[in-house]
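Structure record follows, encoded as structure tokens.
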Amino acid sequence: MPLGGCYVWPVTAPSSLPIFAYLTPRTLPPAEKLSGRVAVLDIAFASEGGGSSFTKTTLPFIRGLGSRLAAWVDHHDHERHVDYANDPRFVLSTKAEHGACPEMVTPEVVKNAGPVDTVAVHLDLDGLYSGAKWVLGGVEPYPGADADARAVDTRRGEPGPIATRIDRALRARFRDENLKHRIIQYLVSRSRSPLHWEEIELAAREIDPLLDQSRRLAERYRVADGIAFVEAAAGPPYDKTELLLLGQERAPVAVVHDSGALTIAADFESGFDFVKMFRLGGGMPTRVTVPEARLNEVMTKLAALATAK
């Protein structure tokens, strides 16, 4: 059920659960579209650029929710976190402190927030796992789920079989809101929902052609000054995460140019901070997207950074 740029779904098992809304930091809906008291999980404060900003996007949403905001839990760096340091509803950290958001959704955080009517989560695995854990009172939907979410969100280490399939499914059908709902249902059921798992498996198998196209595109990478750069516009669909990882096998920094934007990525433990470098205000330090108009600036700064390492 689309509402103002987000999707809202009732979760039906177990009983008496909140409604789920799947959001993105740059396209938050009007606050009145979300029912009752709201918990916001893994939704970063909007960064600068691309038509969004904290002032234009995040702040109006926070003000619109007002006293209905029960909790905001997030692990993306942002310079405006300090504004909410004294508000107990906001549980905020950096990516270095918490590689994934679910580990921040503790029984204490859920208890302190009190009853909620809507759980608003980011669209990715990290967000969905956070939402499922919230519903379960801060307890993992299966042993090792927090570690799985960290492995997927940082691309460090190997996630277990459940998270591997869910990650593949989401990457294959990132815009499929029904799939996200099925994943939530599966996790909340503590992996006891075979019908939902069948749909997840089906979606997971659909990523293979996208990975194949990413590998073909990776052959076009040009490497210079510690940067692997590729033009990916036009052609069949591909998996951008895979393409960036393949670029990082060739150079410390990978840059993908597509759809009027530059996506820049490096290893989670590289120590690079692209948020500060490009003055974005917030986000994940080792993976950012900036407008293609900044291409010359991007390549110049990255070359200086990579060669300095």
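The values are calculated or read from the model by the stated rules, or taken from the named source; none is laboratory data. Quick caveat: nothing in here was measured; it's all calculated off a predicted structure. Cβ atoms come from the backbone with ideal geometry, glycine included; neighbour counts cover every protein chain shown. We work out accessible area using only protein heavy atoms, side chains counted, and drop any ligands, DNA or RNA first. Shrake-Rupley method; radii C 1.70, N 1.55, O 1.52, S 1.80 Å.
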Inter-site label distance for Leu295 and Ala233 at 7 Å from Cα along Cβ, in nm: 0.7
Convex hull of the chain built on C-alpha atoms - directionally averaged projected area, nm²: 15.0
Degrees between helix 145-154 axis and first principal axis of the chain (Cα, 0 to 90, nearest 10): 30
Simple Cβ-charge dipole of region 207-282, Lys/Arg +1 and Asp/Glu -1, about Cα centre, in debye nearest 20: 260
Estimated Rh, region 30-107: Kirkwood, alpha-carbon pairs, angstrom: 13.1
³J(HN,Hα), Karplus 6.51/-1.76/1.60, whole Hz, each residue of region 101-110, x for Gly, Pro: 7, x, 5, 8, 8, 9, x, 5, 4, 5
His81-Asp176 pseudo-label distance in nm [points 7 Å out on the Cα-to-Cβ vector]: 3.4
Separation between Cα centres of region 23-40 and region 194-232, rounded to whole Å: 31
On Cα atoms only, tilt of 125-135 relative to the major axis of the chain in degrees: 10
Fraction of beta bridges assigned by DSSP in region 215-282 that are antiparallel (%, nearest 5): 65
Reach of Lys56 by Cα under 29 Å, taken over lysines that are not fewer than 8 positions away in the same chain: Lys33, Lys95, Lys180, Lys240, Lys276, Lys301
Rounded to the nearest 10 Å², the accessible area of Ser47 at probe 1.4 Å: 20
Test item: Cα-centred dipole of the chain, Lys/Arg +1 and Asp/Glu -1 on Cβ, debye: 420
Length gained when the stretch Arg192-Thr307 is fully extended (0.36 nm per residue, less Cα-Cα span): 36.3 nm
Fraction in percent of alpha-carbon pairs per bin - 5 Å, region 71-114: 5, 24, 32, 25, 13, 2
Calculated from backbone phi, Karplus (6.51, -1.76, 1.60) coupling profile of region 188-196 in Hz, x at Gly/Pro: 5, 6, 6, 6, 10, 9, x, 5, 5
Where trypsin sites (Lys or Arg not before Pro) fall in DSSP loop in region 103-174, at most 14 other Cβ within 10 Å: Arg156
Solvent-accessible area per residue for the chain (1.4 angstrom probe, square angstrom): 44
